[in-house]
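> Take this structure, written in structure tokens, and hold onto it; I'll ask about it next.
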Number of protein chains: 2
Amino acid sequence: MATTFDVLVEPARRRILDLLRERPRPVGELVGLLGLSQPGTSKHLRVLREAGLVAVRRDAQRRWYELRPEPLAEVDAWLEPYRRLWAGRLDALEQHLNERKETPHAHDRSRRRRRPRNS
Amino acid sequence: MATTFDVLVEPARRRILDLLRERPRPVGELVGLLGLSQPGTSKHLRVLREAGLVAVRRDAQRRWYELRPEPLAEVDAWLEPYRRLWAGRLDALEQHLNERKETPHAHDRSRRRRRPRNS
DNA sequence: AAGCTATATGCCTGTCAAGACATGTACTGT
DNA sequence: ACAGTACATGTCTTGACAGGCATATAGCTT
């Protein structure tokens, strides 16, 4: 069984969750918003469903997917002990986020790693 | 460049971070604690380093790795809008269902029985 | 100098997952 | 019944990556 991290590592799936955070949506709407194929979208939704991150409601041919945020608490719990660590270092944190924004490879000093799947 | 999610999806790397949260450690110590090969450990450390999640200090042949929690703020920021949702989710769900009740078409049939075909 | 220790890197291979396409399934309206 | 809509699933290919071993690199000790 996939962990919540395994599910969230795929950018399209994080985007789906972001979209469902606003309101439930049928698959077709997600297909349009994501720019993915319908089968591809359905597969991502299946992974999300099996991880308990979304629930489906049937409505004739349509399936309305809605967010179920509970499994995210697992990630939140892992993150928790770290949160106080950067709380004392807000300066360093801001600098880090700015570096990320402007020069995406600021930390990548040796070999460049290609992002999976986005080219 | 790998996102922080890409880095964290690997359990061994999350474990490394957990170990470095206590104190900086040389590679050999991590090898023992993780039960991985030394090259495998070094590779994970490289990924963590390139993502800015750890920093290295040289000490003769040893390299002391220490935690740099700042990039985790990226994950925390993504998680932020969800955090309130799983706390007050029952309220949100109730409100949502009430909205749906007043909608004249469609959603009433959502509770239809599933065919016993797929368990 | 040689030899030892600690770590990094190269190369190879198996595995696993995402994407594309075709097809199956379920429901609707005429 | 038929055609169309909305979605799921199966199959295949391809690429990324973890893990293994061998080897390179760097510093220490004698």
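> Please determine whether any residue of the stretch A:68-84 is crowded, with 17+ Cβ neighbours inside 10 Å and more than 10 Å from every other protein chain (Cβ to nearest Cβ).
No, every residue in the stretch A:68-84 fails to be crowded, with 17+ Cβ neighbours inside 10 Å and more than 10 Å from every other protein chain (Cβ to nearest Cβ).
> Additional query: For B:MET1, only one of the following conditions fails: (1) within 11 Å of chain A (Cβ to nearest Cβ); (2) under 14 Å from the mean Cα position of the chain (by Cα); (3) among the aliphatic types (A, V, I, L, M). What is its number?
Single failed check for B:MET1: (2).
> What about A:ALA12, is it among the aliphatic types (A, V, I, L, M), farther than 23 Å from B:ARG84 by Cβ and in contact (Cβ under 8 Å) with a residue 12 or more places away in the chain?
On the way: among the aliphatic types (A, V, I, L, M): yes; farther than 23 Å from B:ARG84 by Cβ: yes; in contact (Cβ under 8 Å) with a residue 12 or more places away in the chain: yes.
Criteria met by A:ALA12.
> Is there a residue in the stretch A:12-31 that is within 11 Å of DNA strand D (Cβ to nearest atom) and among the basic types (Lys, Arg)? Working first, answer last.
Of the stretch A:12-31, the ones within 11 Å of DNA strand D (Cβ to nearest atom) are A:24-31.
So of that shortlist, the ones also among the basic types (Lys, Arg) come out as A:25.
Looking through the stretch A:12-31, at least one residue is within 11 Å of DNA strand D (Cβ to nearest atom) and among the basic types (Lys, Arg).
> Across the stretch B:11-51, which residue is surrounded by the fewest Cβ atoms within 10 Å (Cβ to Cβ) among those that are touching a helix residue (DSSP H, G or I) at 6+ places or on another chain (Cβ under 7 Å) and not in a helix (DSSP H, G or I)?
Restricting to residues being touching a helix residue (DSSP H, G or I) at 6+ places or on another chain (Cβ under 7 Å) and not in a helix (DSSP H, G or I), the top hit is B:LEU36.
> Count, please, the residues in the stretch A:52-89 that happen to be in a loop (DSSP other than H, G, I, E, B) and of a type outside the set (A, V, I, L, M).
Taking the stretch A:52-89 as the starting set, the residues that turn out to be in a loop (DSSP other than H, G, I, E, B) are A:52-53, A:60-61, A:68-71, A:88-89.
Now drop any that are not of a type outside the set (A, V, I, L, M), which leaves A:52, A:61, A:68-71, A:88-89.
Number of matching residues: 8.
> What number of residues within the stretch B:1-10 are part of a helix (DSSP H, G or I) and either of a type in the set (Ser, Thr, Tyr) or surrounded by fewer than 17 Cβ atoms within 10 Å (Cβ to Cβ) (or both)?
Filtering the stretch B:1-10 for residues part of a helix (DSSP H, G or I) gives B:4-8.
Restricting the remaining residues to those that are either of a type in the set (Ser, Thr, Tyr) or surrounded by fewer than 17 Cβ atoms within 10 Å (Cβ to Cβ) (or both) gives B:4.
The qualifying residues number 1.
> Which residues, counting only those in the stretch A:24-64, are away from DNA strand C (no atom under 14 Å from the Cβ), within 12 Å of chain B (Cβ to nearest Cβ) and in contact (Cβ under 8 Å) with a residue 40 or more places away in the chain?
Listed by number, the list holds a single entry, A:PRO24.
Computed from the coordinates by the stated procedures, all read-outs in this text should not be read as laboratory data. Since the structure is predicted, the reported quantities are computational estimates derived from the model, not experimental observations. Neighbour counts are summed over all protein chains in view; Cβ atoms, including those assigned to glycine, are modelled from backbone coordinates with ideal geometry.
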